[in-house]
1. Using 0.36 nm times the number of residues separating GLU198 and ALA55, minus their current alpha carbon distance, what extension gain do you get?
2. Using the Cα gyration tensor of segment 104-202, with a ≥ b ≥ c the square roots of its eigenvalues, what is the shape: rounded (a/c below 1.5), prolate (a/b larger than b/c) or oblate (neither)?
3. What fraction of the DSSP beta bridges in segment 69-199 is antiparallel, stated in percent and rounded to the nearest 5?
4. Return the FRET efficiency for the residue pair ASP182, ALA63: r is the Cβ-Cβ distance, R0 is 22 Å, and the value is rounded to the nearest 0.05.
5. For the ranges 91-104, 161-174, what's the packing order if you count other beta-carbon atoms within 10 Å of each residue, average per peptide, and put the highest first?
6. Rounded to the nearest 20 Debye, what is the dipole magnitude of segment 101-153 about its Cα centre when Lys and Arg each give +1 and Asp and Glu each give -1 at the C-beta?
7. Could you line up PHE189, PHE177 from fewest to most neighbouring Cβ atoms inside 10 Å?
Amino acid sequence: MTLFFPSHHRTGSAVTSNVVDMTTSASAANASEGAIRVAAVTDRLVDANEQYAAAFTDPGMDARPVLHVAVVACMDARLDLHAALGLELGDCHTIRNAGGVVTDDVIRSLTISQRKLGTRSIVLIHHTNCGLEQITEDFRTELEDEVGQRPAWAVEAFRDADQDVRQSMQRVRTNPFLLHTDDVRGFVFDVKTGLLREIDPA
Ligand SMILES: [Zn+2]
């Protein structure tokens, strides 16, 4: 019984935590606390936002990204795009999804980014140890077996991140809706070293 107390105690402190406690996210997430834990996560974010807003001053920025660049990247939690690329608030558009794949919806965002908000450069970022390498298109069949419906979307799973970056660059460069396809570069981010490795489009 007593073995469970530290876990409960940690959860209790997480509920009332502030921004300083953010580094404890990983250990807190490992505590299997069920629904109570799940609800507490959002409360924690809302609490953090109140502190953020208290110190926030309107920088008076335009919606157009200062660096005229859009970054498409995987949603992976280990990839802190702003820190990894030296980006500041207002610098860029960040478009993220599972895998950092160039889907129709990413094209939608890029098209608006370029045609309505003035971006000219596109940076595509996949990363090592991506979850999309661990699954296959069979995931759609698994879903169909479970819920009786096959999703309309492709999983966009891949075996080789380098090759998928090349394909993503190709999808962007050949898209008719985009105005600027001369500055499109692709990279794989190493989650162990924090380094980007550029992928040759050829
Ligand atoms: Zn990923």
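Read the figures in this text as sums done on the coordinates, not as results from a lab. The structure presented is a predicted model; accordingly, all values stated were derived computationally and were not measured. Every residue, glycine as well, gets a Cβ built from its backbone with ideal geometry; the counts of neighbours run over all protein chains shown.
1. Values: separation 143, 0.36 × 143 = 51.48 nm, distance 3.75 nm.
Contour length minus Cα-Cα distance gives 47.7 nm.
2. Working: a/c = 2.47, a/b = 1.33, b/c = 1.87.
The shape class here is oblate.
3. Working: 4 of 21 bridges.
Bridges in segment 69-199 are about 20 percent antiparallel.
4. Details: r = 24 Å, r/R0 = 1.07.
So, using R0 = 22 Å, E works out to roughly 0.40.
5. Numbers: 91-104: 19.7, 161-174: 18.2.
Packing proxy ranking, top to bottom: 91-104, 161-174.
6. Values: 6 positive and 9 negative charges, 149 e Å.
In total the dipole reaches around 720 debye.
7. Numbers: PHE189 24, PHE177 11.
Taking fewest neighbouring Cβ atoms as first place, the list is PHE177, PHE189.
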